[in-house]
Every structure is written in structure tokens, then in C-alpha cells.
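In what follows, a single structure is set out as C-alpha cells and then discussed.
Rule-based calculations on the coordinates, nothing more; no lab input. These numbers were taken from a predicted model, which means no experiment stands behind them.
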Amino acid sequence: MLCIGVGNAYRRDDAAGLEVAALLQGTHLTVRQLSGEGAQLMLAWRDAPHVIIIDAVSSSGVPGTIYRLDAAVDPLPAYFFRCSSHAFGVAEAVEMGRALDELPAELIIYGIEGADFREGVGLSPPVAAAVAEVAVRIQRL
């Protein structure tokens, strides 16, 4: 299974996906850390049948809320990823992959609701707790 942690380490809670990936390093999983640029994601999952992507989301939910989305089955709510610095990010890559019939057979997205996307480092406490929980959930698979 390929796990891709997405984010920007210098935008506080946007680093959530990268932090989950860091916790998964050295496990039985193949782990990558990427910025979230869509074409890069599509290349990363190209030959992987089972993929998990972890990213921070901003949907006006409670910070630290964990969302699990089955992207191989349902379209992603684009408003989850509105804080992306990429015009072609996670949601767009998934929908482009769907249109081109190039999605992995299994594509699970874990979104962690962020609180603080300002410049700087360090996760807010609810996001840090969610990062640890998502890493545990993925390791149990």
C-alpha cells in the first residue's frame, strides 16, 4: 500500500499529512511526502493499486476532525481543499484521474480539519492529536 502525506511544512496545520507520513516511515507501508501538486500526485499513484492520501482540509468543521473519503467511489468535495496553494491540487488530481480512468483501484483520502494555516511551523493541539490517530488507523489496515 502506498501512503502519500500531503502538505506544506511551513503553513502550520497544513503539515498534517506530512506529519502522518513521518509517523508511518519504517512501517510495512510505502510512504511518500509530497507538496500536493496534482500532476505529482497522479504520477506517484500511477502504478499503485492501493493508495491512501492524507491532507489537511478546511471545510469550516471542528479542528482535528478526521474525514475518511473513498475517492475511488465518490467525488471529493472540492471545498475541503480550498486552502491549497495549488490550482491543481488533491481534489483536482482525483477528478482528473477519474475522468481519465487512471485512479488506483482503491483510493482513500484522510482529511484532517485544520485550524491554523498561517506561515510558521507546528501543529495546533487538535490537529496534532488527529495526526496521531490517523497514523494508528492506517497502521491497523
Everything considered on the Cα gyration tensor (a ≥ b ≥ c; rounded for a/c under 1.5, else prolate if a/b is larger than b/c, else oblate), region 8-53 must be described as oblate
Hits for the chain under the membrane-span-like helix rule (DSSP H, Cα axial span at least 20 Å, Kyte-Doolittle mean at least -0.5) are 125-140
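Between Rg and the Kirkwood Rh of the chain, both from Cα atoms, what is the Rg to Rh ratio?
Rg/Rh for the chain comes to 0.93.
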